[in-house]
Every structure is written in structure tokens, then in C-alpha cells.
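Structure first, then comments.
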Amino acid sequence: MVKPSQSLKWWQEGVIYQIYPLTYADGNQDGTGDLRGIIRRLDYLNDGDPDSATSLGIDAIWLSPINTSPMVDNGYDIADYKDICPTFGSLEDFDELLEKAHQRGIRIILDLVINHTSNQHPWFLESSASHENPKADWYLWQTPFAGQKLPNNWQSYFGGTGWKYCEARDQFYFHTFNENQPDLNWHNPDVRAAIYDIIRFWLDRGVDGFRLDASSVYSKDPYFRDNPLKYEATDRNNYNNYHHLYDKNLPETHRIIREIRAVLEEYDDRALIGETFIDNRLYDSVIFHGVDQDELHLAITFEFPFSPWYPGYLQREIEKNEITIQPSAWPCYFLDNHDIPRHLSRWIDCSLCVDSEAIAKAAATLLLTVRGTPLLYYGQELGMVDNTDIPEEKLQDRAVVQSETEETPDSRDGARTPMQWDGGSHAGFSFGQDIEPWLPVHANYPELNVQTALQNPDSILNFYRRLLRVRKQSEALRWGKWRTLVHYPHEHMVYLRETKTETVLVAINFSYEQPFKRDVTIDGESWTVLLSTHYEAGKLIDLADNLQAFEVSILQKSR
Ligand code: BGC
């Protein structure tokens, strides 16, 4: 279980930070985020100085898509895989970003959106023009059986049928997401070869890895059989009402991922991370590591985002992971991303605690001290919450469409608003220029921004900064065994992270209640505070004392 530190890879020990480029930083001052903006903010992420007073200290950036795109799904609809969208800059800008990031010890992970292309991609334009062209079989084309309106009952994840009629071919094509995002036919060897060529293109340029978008839906049933409707489900136009036997998580998808992994293995030290979003079934996600560890390095599972802010539930998810993931594989956790409401917005209502700062610090501690690789989402380190006041005419998420039965589609824009850099115009998004950003900044930016937070020793940002440093300096936190000391957690969690030479205890009190002891089983040892919401670092702590309300403490067993 416990591995010697030397053999651990950067994607196991490091902290990965997701940037949504449209709203991170606007370097060319046109209101839309771009690569030059990110370059200017690199020092904030990691300036290369382990004792820096201003930088966060992350190890890798995952960039949401930056390739050429008509932006119907804001980059998740690619029209040219080998170029950068002019919105974000140029290939030269990308090379500069890569070089400057590497100089600071930051790796770059690209989002690889290969389940589908944009309907503006030349491959689709060619494929959809006729039945007789070299790319005619590059997408999932079907003709309905006589008397049927649609080829089958497969739905789009974004709402309604997944089939779209194309007049030129008098056929339908399938789209798991928006109709502007036709799914590729992964059974076609030419498609696979073209994608692997794209992967090599970016690896040759020096990228450190990929996040495979929608990596559990690549392969579809070659016979296009109907998915069974779930028991008692009545709405046939809802993706979630079906058992996805024939359009998701097919065995063939594992073969594809093994092939992609083999391409990565031609290069040194690159990482393959997959969005294994499979109806929240952990087992199905973890087998994406591959029976022989030849698929994903990291399978992004959705335990934390789908949990309420409740220790018993969260601990159960960690325990499931610990039991299910093979010793040679590695867990990966996240709280927020660009598709879901931010955790402080999700959890504030269902929590025992109404203090969002306390939740933010406790959640940060959980994410960064559980065994596995943490993914942070930009702004999470500040305590950013969703902007739920975006006027309808300013919404940008055009991909999520209304199904026939659902009244209001859920826009994902609330969690995608501009990073809050300072108290100036539009939170400093365009570096001091008064330019209206792509999405409106959250109204709380005058109080909640990087500049202000750096000056407040108790801010969420400074807590994250300290947490990242504590993690970096502790082998137990980076790769030690996880063991809970509370078997029936109610309103607190206490767990150990252990290696042969270091033991760290993490205690999180989720509530106002204070009857919880840090531990009753370990005595006679002294424990030093590494980081705490209630005690100074370096203080010695008695484990038999009760936890204080909302206390978060990370303690190291003294030698
Ligand atoms: C991405 C979404 C995107 C979808 C289609 C997802 O899983 O995270 O943002 O809309 O794939 O590409």
C-alpha cells in the first residue's frame, strides 16, 4: 500500500488546479480570458519559491479546452484540434505558457474532447455531405427502421433525443451532448488513428498530460440497441431515466483508453486523467485504471460533489474508494468544476454550519489530506460562490438545452464567473481596464478577491496556501495510508495518514457541537499542530481534549 516517496509520480504527489480559460484572466483586454492572461497570473499559481508570500503553490494546471471552436459549448466543441482558438491566443502563446509554467515547476494538462467534435469540424462537414466520402463513416449515422421516427431511444445528456436529422444524407447522427457536438465513430480505425495523431502533436509540443473529457462514453453499441427504461420512470425524454447499457461504459471504451495510454507511454512521465462520470458508481469508475493498470492514471470520480456536507456520507465515500481502488492505482478527488455549482453554494444550505468560511476551510482540509490527488477549481481557494444573479441575456452556456419535459435548463454559468483578482474594475479581470467581462463578476468581489485575501492572515486563501505547504512537506499527507479513528462519524471526522516514519492526524468538526474528542484510543504521545483553525502551528496538543466548534486541526505525532 505505502510506496517509497522516490517512486511517486508528479500526478500522485501534486495538486492540480483547473482553469476555465474564458474567465480566468483577460490578457489582451477584450473581455474574454486568454493564454496571455494566464501567463501574467502564473506567479500567483506558483512562482517557484517554496516560501513565497503570495503564491498558491500548485503543481499542475488543467486547462479547460483552448482549441479552435465555435464555442457553442464554450470550447467543448472543437473545430480544429491542432490549433488554439483565436479567443485564447495562438500556438506561440501556448508555447510561451508551457515554457514559463515549466520554469516554475508547473505542469500543463490539456482537456482532450474526443468523444465528439464540433459540427463545424472539417471532418463532420465532409462526413455529413454525402454517403460516399472518405469520412462518411467517421460519425454515428443511422437510418430509422421503417415506421420509426428515430433510430433508437438514446437520449442526449443535455436533454431530449440524442438524434439529429441531416437532410444531405437523409439520415440521423448521434450526439451524446448538444446537437452541435456529433459523436465520433470510435469503431472506425481511421478515426482512432487521427485522434492518436492529435495526441502525439501535443505531447511532442511538451504538454504533460490530458484530461479526457467524457471518457466513459466513447464507444456505442454497433447494433444501436434501445437502452432499457428504469423501473417506474415515465419521462422517456430524460437521459437519467435510462440504464445506459448501449451508449455508455461499454467494454470497447476500455480498449480505446488502453490505446490512448499506449500513445502516452511513448513519452516520459505524462499523465492520463479521465472524466469517468458513470452514474456515480464508484466500481465502474475505478476499473478505468485498467485491470493491468494500463488505462487511466487518475479516474475522476464524483464522490465529493454528489455528497451532502455530512461527515458520515463523505467518510463512507472515502472508505469505498480505499476498499475498491487497487493498491497499484491512485485515488483522485475534487469538490468543484465548471459543470456543477461550487461547493460553498451546494453545501451552505444543507449544512449544520451556516458559516461558509468554516465550511471552506474544512472542505479544503478534507480534499488536501485524504489519500489521493486533489483537483482544485479556480476561485475555490478564495471561497468563491456561484453567481446566481446573471441576467438571462448575459448567460453564455448555450449547450445545455431544454428537454421536452424540463422547463428550465440548468445553466452552468454560475460557477464560471470571472476570477476575483482585486477590488478594482470587474475584479481586475482585464488587469485594471474597465471592460465588461464575458460573464458578470460576482457582486461580492470588493470583499472577496486575491489582493484582499492575501492581506488577511485568516482568509480562506491563506489557509489554502498554508495547507498546500503542509501537504508538500509531509510524506504522510502525500502518500501515507489513510485510517479512520471514527467508525460511525456523525458530526466530526478524525483520521490518520501514516508512513513508516510519520503519522499525521486530521480532525474536522463539522458542527457547533463540541462533545467530540480528537481521539480516545491514542494516549501518552504528544502531537504538534501543523495547521489549525484554532491553534498556532507548533503548539503541542492533547488528543483527549474536545474539539472546538468547527475546529479543523492537522497534527503531527512528535518524534
Ligand atoms: C464537460 C462539459 C461538456 C461535456 C461535453 C463534459 O463532461 O465537462 O463541460 O459540456 O463534457 O463535452
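Just so you know, all these numbers are worked out from the coordinates, no wet-lab data involved. Since we're looking at a predicted model, the values are computed, not measured. Positions of Cβ are backbone-derived with ideal geometry, glycine not excepted, and every protein chain shown enters the neighbour counts.
Structure notes:
- Loop-resident sites, the stretch 127-179, for trypsin sites (Lys or Arg not before Pro), counting at most 14 other Cβ within 10 Å (DSSP): LYS149
- Fewest-first ranking of PHE431, PHE510, using other Cβ atoms within 10 Å as the exposure measure: PHE431, PHE510
- Spatial extent of the chain: Rg and Dmax, with the Cα atoms as the point set, Å: 23.8, 79
- Cleavage-rule hits (GluC sites (Glu not before Pro)) in the stretch 323-393: DSSP loop, at most 10 neighbouring Cβ within 10 angstrom: none
- Using Cβ point charges alone (K and R +1, D and E -1), the dipole size of the stretch 69-158 about the Cα centre works out to roughly 380 debye.
- Taken as Cα centroids, the stretch 135-188 and the stretch 460-482 sit 47 Å apart, rounded to the nearest whole angstrom.
- Rounded to the nearest 20 debye, the dipole size of the stretch 480-557 about its Cα centre is 320 debye, using +1 on the Cβ of Lys and Arg and -1 on the Cβ of Asp and Glu.
- GluC sites (Glu not before Pro) restricted to DSSP loop in the stretch 113-182 with at most 12 other C-beta within 10 Å: GLU132
- Distance distribution P(r), the stretch 480-557, all Cα-Cα pairs, bin width 10 angstrom from 0: 21, 57, 22, 1 percent.
- Over the chain, DSSP H runs of length four or greater, each weighted -39,500 (n - 2.57), average out per residue to a 222 nm ellipticity of -6500 deg cm²/dmol.
- In whole percents, the pair-distance distribution calculated for the stretch 105-212 from its alpha-carbon pairs, binned every 10 Å from zero, is 14, 40, 29, 12, 4, 1, 0.
- In terms of surrounding Cβ atoms within a 10 Å radius of their Cβ, HIS343, HIS187, HIS487 rank from fewest to most as HIS487, HIS187, HIS343.
- Considering only PHE201, VAL506, ALA233, the residue lying farthest towards the positive end of the dipole of the chain is VAL506, judged by Cα position with unit charges set on Cβ.
- Bridging of LYS9 to lysines at a Cα separation below 25 Å is possible for LYS100, LYS320, LYS472, LYS481, LYS500, once same-chain residues fewer than 8 apart are set aside.
- Shape descriptor for the stretch 198-264: Rg over Rh equals 1.15 (Cα atoms; Rh from the Kirkwood inverse mean 1/r).
- The mean sequence distance of close C-alpha pairs (under 8 Å, at least 6 residues apart), as a share of the length of the stretch 480-557, puts its relative contact order at 31 percent.
- Here's the list of aspartates and glutamates a cross-link from LYS517 could span, going by alpha-carbon distance under 16 Å and ignoring same-chain residues fewer than 8 apart: GLU491, GLU525, ASP542, ASP545, GLU551.
- Cα long-axis angle, helix 460-473 against the chain (0 to 90 degrees, to the nearest 10): 80 degrees
- Taking other Cβ atoms within 10 Å as a rough exposure proxy, THR234, THR32, THR301 sort from fewest to most as THR234, THR32, THR301.
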